[in-house]
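> Here it is, the structure, as structure tokens.
The values are calculated or read from the model by the stated rules, or taken from the named source; none is laboratory data. It should be emphasised that the depicted structure is a prediction, and the values quoted were computed from it without experimental measurement. Using ideal geometry, Cβ is built from the backbone for each residue, glycine included, and neighbour counts are taken over all protein chains shown. What goes into the accessible areas is simple: the full protein's heavy atoms, side chains included, and nothing from ligands, DNA or RNA. Shrake-Rupley method; radii C 1.70, N 1.55, O 1.52, S 1.80 Å.
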Amino acid sequence: MNERILKACRLERTDYAPIWLMRQAGRYLPEYREIRRKHDLLTICKTPELAAKVAAIPVEKFQMDAAIVFADIILPLEAIGVSVRVDDNMGPVIESPVKTNEQIESFSEFDPQTVSFVYEAIRHTRRALNESVPVIGFSGAPFTLASYMIEGGSSKNFARTKTTMYGDGGFWKALMLKLVHVVSEYLALQVKAGAKILQLFDSWAGCLSPTDYERYVMPYSRAVIRQVNRLGIPLIHFGTDTASLLTLMKEAGGDIMGVDWRIDIDNAWKILGPNHGIQGNLDPAVMLTKDKIVVKYAKQILDKANGQPGHIFNLGHGVLPQTPPENVKILVDFVHSYRVN
Ligand code: CP3
């Protein structure tokens, strides 16, 4: 198995910085769009053979250093009886947004059977790739999941989530504690299926002030990460727009911190110190330009990382659907060929 990404998680030196891309198995790929014409998104997620086929495409096509299980962050909610839809463009839709304590009480206990597809998807993906690279398992973090549950879907300003958080401490705590349980169990299930790395997506935590993050989010993310740490699997703790939250997110836990492009990687490393790795941090918009510019920006990041052990090359957020696949190939080949001199 190509173990570079596992080594990076342990802060061991590797010949090149391992690379994978968030949303690497998605709409920018003609092979994915072809499968997607015949099956909707949730059908792909819930059919292990299809999920594995899709997850394997970018590894086979570009030699990515890891695969990520094909699922969506909202799916673990099905394990407590929340019905969800996922729209290709709008993202997750929750039919009955959560408003009352009674709703929280009515959620069922975490039922691993309802999300056994994620377990099977991981096993099938490992087999489809002959264990050639590690499979990353993932979940949304409690805050990001809570935001979808309260808003009913995507949001620009998270007004409902924040007013709920500020105004009803009991409700917020009950919801977040429930989510700690869901996320921990869901991640443990993926480790059992053979996921070798976990990523916790707190994609929208960057909408909060550091004070609010510390009070309303950090204790719950920390509780999840503490439980996961017992499984002995490295964890990538990711968020966007989190430059001002990095110290607190590090305190919450994670071996590798994900950063987007709003902070330079050398500055992020100064904040985090040498005992943490960093995943990132190319702006996905760079991937829409010419090959020379892709290489120039990738080189800039690698130069700033300066071969420090624990760099996992990635975009700062998911691959944009309009990204030319040729640019992904150019990026991966360049990162694989780069050596610190
Ligand atoms: O983008 C992130 O911050 C990563 C975390 C995240 C995922 N799904 C992980 C994912 C988030 C926030 C979502 C919600 C979601 N789901 C959105 C964003 C909506 C918003 O609020 O802005 C969207 C558009 C979807 C729908 C979706 N999920 C599509 C179209 C796909 C296929 C891949 C693609 O982007 O074309 C997914 C699958 C998915 N969601 C994966 C992951 C880790 C697996 C695919 C992969 O990463 O290769």
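> Can you give the Rg to Rh ratio of the chain, both from alpha-carbon atoms, with Rh computed by the Kirkwood formula?
Value, to two decimals: 0.94.
> Applying 1/(1 + (r/R0)^6) with R0 = 56 Å to the Cβ-Cβ distance of GLU109 and ASP15, what FRET efficiency is obtained, to the nearest 0.05?
0.75
> Evaluate the distance, in nm, between pseudo-label points positioned 7 Å from the Cα of GLU3 and of LEU177 along their respective Cα→Cβ axes.
4.1
> Assuming a ≥ b ≥ c are the square roots of the Cα gyration tensor eigenvalues, decide whether the range 103-144 counts as rounded (a/c under 1.5), prolate (otherwise, with a/b larger than b/c) or oblate.
oblate
> Another question about this same structure. Take the cross-link list LYS61/LYS270; LYS250/LYS292; LYS7/LYS61; LYS53/LYS290; LYS270/LYS299; LYS304/LYS329 and give me the ones stretching past 31 Å between alpha-carbons.
Exceeds cut-off: LYS61/LYS270; LYS250/LYS292.
> Can you tell me the accessible area per residue over the chain, all protein chains present, probe 1.4 angstrom, in square angstrom?
41
> Just reorder THR211, THR100 by solvent-accessible area, largest first, 1.4 Å probe, all chains present.
Descending order: THR211, THR100.
> Reachable lysines from LYS99, Cα under 21 Å, same-chain residues fewer than 8 places away excluded?
The reachable lysines, counting only those whose Cα sits under 21 Å from LYS99, are LYS156, LYS162, LYS173, LYS178.
> By the gyration tensor of its Cα atoms, with a ≥ b ≥ c the square roots of the eigenvalues, what is the shape of the range 201-244: rounded for a/c under 1.5, prolate for a/b over b/c, or oblate?
Oblate, because a/c is 1.5 or more while a/b does not exceed b/c.
> Order the following by accessible area, largest value first: ARG160, ARG126, ARG215, ARG230. Probe radius 1.4 Å; ligands, DNA and RNA are ignored.
ARG230, ARG215, ARG160, ARG126
> Please give the net charge around ILE263, taking every other residue with its beta carbon less than 15 angstrom from that of ILE263, where Lys and Arg add +1 and Asp and Glu add -1.
-1
> While we're here: For n ≥ 4 DSSP H runs only, could you compute -39500 (n - 2.57) per run for the chain, divide by its residues and tell me the 222 nm figure to the nearest 500?
Here the helix-only value at 222 nm equals -13500 deg cm²/dmol.
> Cut-off 10 angstrom, C-alpha nodes, Gaussian network model of the chain. Which of GLU95, GLU151, GLU78 fluctuates the most?
Looking only at GLU95, GLU151, GLU78, the largest GNM fluctuation is found for GLU95.
> Can you send over the carbon and sulfur percentage of the accessible area for the chain, probe radius 1.4 Å, protein chains only?
Carbon-and-sulfur percentage of accessible area, whole number: 49.
> Still on this structure, please answer the following. I'd like the Karplus ³J(HN,Hα) series for the range 325-338: coefficients 6.51, -1.76, 1.60, θ = phi - 60°, whole numbers in Hz, and an x wherever there's a Gly or Pro.
Per-residue couplings from phi come out as x, 4, 5, 5, 4, 4, 4, 4, 4, 5, 4, 5, 8, 6 Hz.
> In square nanometres, what is the average projected area of the Cα convex hull of the range 161-310?
Across all orientations, the range 161-310 yields a mean hull projection of 10.0 nm².
> While we're on this one: What is the distance in Å between the Cα centroid of the range 89-106 and that of the range 170-244?
19
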